[in-house]
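Undergrad: Dropping the structure in here first, questions after.
The values are calculated or read from the model by the stated rules, or taken from the named source; none is laboratory data. These figures come from a predicted structure and were not determined experimentally. Cβ coordinates were reconstructed from backbone atoms using ideal geometry, including for glycine residues, and neighbour counts include every protein chain displayed. For the accessible areas, the whole protein counts, side chains as well, though only heavy atoms, and no ligand, DNA or RNA atoms are used. Shrake-Rupley method; radii C 1.70, N 1.55, O 1.52, S 1.80 Å.
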Amino acid sequence: MIDRLEKEVDMLERHLQVLKMVIENEPIGIVKMSNETGYPHHKVRYSLRVLEEENLIEPSSQGAITTERTHEFVDELGEKLDQTVEKLGTMRIDDTAEVEN
């Protein structure tokens, strides 16, 4: 059950790392991103596709660039991550809780 969540978090981390590279280096291509992150080309390409579907980046002839929506997303990201961490924290099962057999 938790394994799936961990995989999603890893994928989100990759998407955000790719987005950060676009923000800091636009325009930037797949090969440069792959070389700098160590992620295989197909994983970078997938992250770029996800980011494009979310309207956070768009393709250009020189590589990926940000959109008008990018900065709004980045501004809201910290708060959304904090809310998610808080929610995950409420899901803990206390060590002292008795488990019925």
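Undergrad: Using Cα springs under 10 Å in a Gaussian network model of the chain, which residue among 47, 61, 34 shows the largest mean-square fluctuation?
TA: 61
Undergrad: In addition: How far is helix 68-90 tilted off the main Cα axis of the chain, in degrees rounded to 10, range 0 to 90?
TA: The angle comes out at about 20 degrees.
Undergrad: What is the total of Lys pairs in the stretch 1-88 with C-alpha atoms under 23 Å apart, excluding same-chain pairs fewer than 8 positions apart?
TA: Values: 7/20; 7/43; 7/80; 7/87; 20/32; 20/43; 20/80; 32/43.
Within the stretch 1-88, the lysine pair count is 8.
Undergrad: Can you tell me the FRET efficiency between residue 68 and residue 41 if r is taken as the Cβ-Cβ distance and R0 is 41 Å, rounded to the nearest 0.05?
TA: Given R0 = 41 Å and the Cβ-Cβ separation, E is 0.90.
Undergrad: Please list, in chain and number order, the residues 5+ apart from residue 28 or on another chain whose amide H is under 5 Å from its amide H, with Hs placed from the backbone.
TA: Sorted by chain and number, the residues that satisfy this are 64.
Undergrad: Same structure, new question: Over the heavy atoms of residue 11, what accessible area does a 1.4 Å probe trace out, to the nearest 10 Å²?
TA: Counting only protein heavy atoms, residue 11 exposes about 50 Å² to solvent.
Undergrad: Can you pull out the trypsin sites (Lys or Arg not before Pro) in the stretch 6-101 whose DSSP state is coil and whose Cβ has at most 11 other Cβ atoms within 10 Å? Can you show the working numbers first?
TA: Details: sites: 7, 14, 20, 32, 43, 45, 49, 69, 80, 87, 92; in loops: 92.
Sparse-neighbourhood loop trypsin sites (Lys or Arg not before Pro): 92.
Undergrad: Moving on to the next point. Place +1 on the Cβ of every Lys and Arg and -1 on the Cβ of every Asp and Glu in the chain, take the dipole about the Cα centre, and give the residue among 33, 81, 50 whose Cα lies farthest towards its positive end.
TA: The residue sitting most towards the positive pole is 33.
Undergrad: Using only the alpha-carbon atoms, how far is helix 41-53 inclined from the longest principal axis of the chain? Give it as 0 to 90 degrees, nearest 10.
TA: Once rounded, one gets 90 degrees.
Undergrad: Most mobile of 67, 84, 37 per a Gaussian network model of the chain (Cα springs, under 10 Å)?
TA: Highest fluctuation of the listed residues: 84.
Undergrad: Bin all alpha-carbon pair distances of the chain at 10 Å intervals from 0 and give each bin's fraction as a whole percent.
TA: Cα pair-distance distribution for the chain, in percent: 14, 39, 26, 12, 7, 3, 0.
Undergrad: With a 1.4 Å probe and all protein chains left in place, how much accessible area per residue does the stretch 1-88 have, in Å²?
TA: Each residue of the stretch 1-88 exposes 72 Å² on average to a 1.4 Å probe.
Undergrad: Here is a follow-up. Can you give me the % of accessible surface on the chain that is carbon or sulfur? Probe 1.4 Å, all protein chains present, nothing else counted. Don't skip to the end; give the middle numbers.
TA: Values: 3970 of 7990 Å².
Ligands and nucleic acids excluded, carbon and sulfur reach 50 percent.
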